[in-house]
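A short worksheet on the structure shown next.
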Amino acid sequence: MNTGNSIAVAFDAVATIYDAARPRLVPCFDRFYGTAVRLSSHALRNTAEPDITDLGAGTGLLAALVSQSLPQARFTLIDISADMIEQAQKRFSSLDAQAAFIVADYAMSALPQDQDAFVSALSIHHLEDCDKQALFTRIFDALAPGGIFINAEQVAPEPPAVMADALEGWETDVRAAGGSEDELASARERMTHDKCASESAQLEWMRAAGFHNVATAFREGMFCVYSGRKPA
Ligand SMILES: C[S@@+](CC[C@H](N)C(=O)[O-])C[C@H]1O[C@@H](n2cnc3c(N)ncnc32)[C@H](O)[C@@H]1O
C-alpha cells in the first residue's frame with residue numbers, strides 16, 4: 001500500500017468521529033484555527049468573491065470556519081479520504097456557502113489555479129520534506145497575484161532531541177482537555193504517518209518558493225500557524 005492510500009485508510013476509519021475529538025486533541029483549538037481564520041479574513045477583506053482552496057480539508061472544519069467570516073467566498077475542498085470529504089459535504093449542505101469537493105492526493109494532482117488563498121490545517125506534515133517543498137512552489141504558482149497561503153500545521157520541535165518532551169506535553173494537555181486514553185491511542189496510531197518538519201525549515205521553504213511576508217502568527221507546542229503572500 002502506498003503512503004497516500006494508507007493515509008486515506010487511516011482517516012476514512014475516523015471520519016464520522018473526527019470532529020467531536022478535535023477540541024481535545026488540539027488543546028489550543030480556538031486560538032489555532034482562530035488565527036488561520038483571522039489571517040484569511042484580513043487578507044481577503046477587499047476581495048469581492050475570493051476563491052479559496054483548502055488542502056487536506058478533511059471534514060471541512062477550517063473551510064467552514066473561514067466561510068463564517070467570508071460568506072461570499074467560493075471554496076474548493078481537496079482531500080485524499082473519500083469518507084472525510086463525505087463529512088465535509090454534509091457540513092456544507094447546511095451552510096450558505098459555495099463549495100466544490102475533490103477526492104485527490106494534492107501532492108500528485110493539479111491544483112486549482114488563480115486562487116486568492118490556499119489554506120491548510122494539520123495535513124501537509126503527511127508529505128516527505130521534498131514533497132512539502134514542491135507543494136509550496138506549486139501553491140505559489142497557483143495563487144493569483146497578491147494571494148495568500150495560510151498553513152495551520154503540526155511542526156517538529158527544535159532541536160529534534162526535545163521531541164519526547166513535546167509529545168509528553170501534548171499528552172498532558174489532551175488529558176487536561178478531557179481527552180480519553182482511547183482518543184490518545186487512536187491519535188498516536190495516526191501520528192505514525194506524520195513527517196513533521198520544523199517551523200524554521202518550513203518558513204525557509206516558503207521564502208525559497210517565492211513567498212513574501214513569510215511570518216508565524218501563532219505557535220504553541222507543536223501547533224503553528226504561518227503564512228506568506230505572493231507579490232501583487
Ligand atoms: C488531521 S486531518 C485535518 C483535516 C482538516 N484540515 C482539519 O483541520 O480538521 C488531515 C487530513 O489531510 C488529509 N491528507 C493527508 N495527506 C493528503 C494528501 N497528500 N492529499 C490530500 N489529502 C491529504 C487526510 O486525509 C486528512 O483528512
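Quick notes
- Going by neighbour counts of Cβ atoms within 10 Å, the residues His212, His193, His126 line up, fewest first, as His212, His193, His126.
- Globularity ratio of the chain, using Cα Rg and 2.2 N^0.38 Å: 0.95
- In order along the range 150-165, the Karplus-derived 3J(HN,Hα) couplings, from 6.51 cos²θ - 1.76 cosθ + 1.60 at θ = phi - 60°, round to 10, 10, 9, 9, 9, 10, 7, x, 10, x, x, 4, 8, 4, 4, 5 Hz, and Gly and Pro are given as x.
- Amide H contacts of Gly146 (H built 1.01 Å from N, under 5 Å, at least 5 apart or other chain): Lys230, Ala232
- For the listed peptides 135-144, 76-85, a ranking on the average number of other beta carbons within 10 Å per residue, highest first, reads 76-85, 135-144.
- Taking every DSSP bridge with both residues inside the chain, close to 35 percent are antiparallel.
- Under a 5 Å amide H cut-off, with hydrogens placed 1.01 Å from N, Gln98 pairs with Phe75 among residues at least 5 apart or on other chains.
- Karplus-derived 3J(HN,Hα), 6.51/-1.76/1.60, for each residue of the range 187-201, Hz, glycine and proline x: 5, 4, 4, 5, 5, 5, 8, 6, 9, 5, 10, 5, 4, 5, 5
- Once backbone amide H atoms are built at 1.01 Å from N, Cys28 has no partners under 5 Å, excluding neighbours fewer than 5 places away on the same chain.
- Karplus (6.51, -1.76, 1.60) ³J(HN,Hα), θ = phi - 60°, over the range 170-186, in Hz, Gly and Pro reported as x: 5, 4, 4, 5, 5, 5, 5, 7, x, x, 8, 5, 5, 5, 5, 5, 5
Readers should treat all values here as calculations from the given coordinates under stated rules, not as data from a laboratory. Given the structure is predicted, the values throughout are model-derived calculations rather than measurements. Virtual Cβ from ideal backbone geometry, glycine too; neighbours counted across all protein chains shown.
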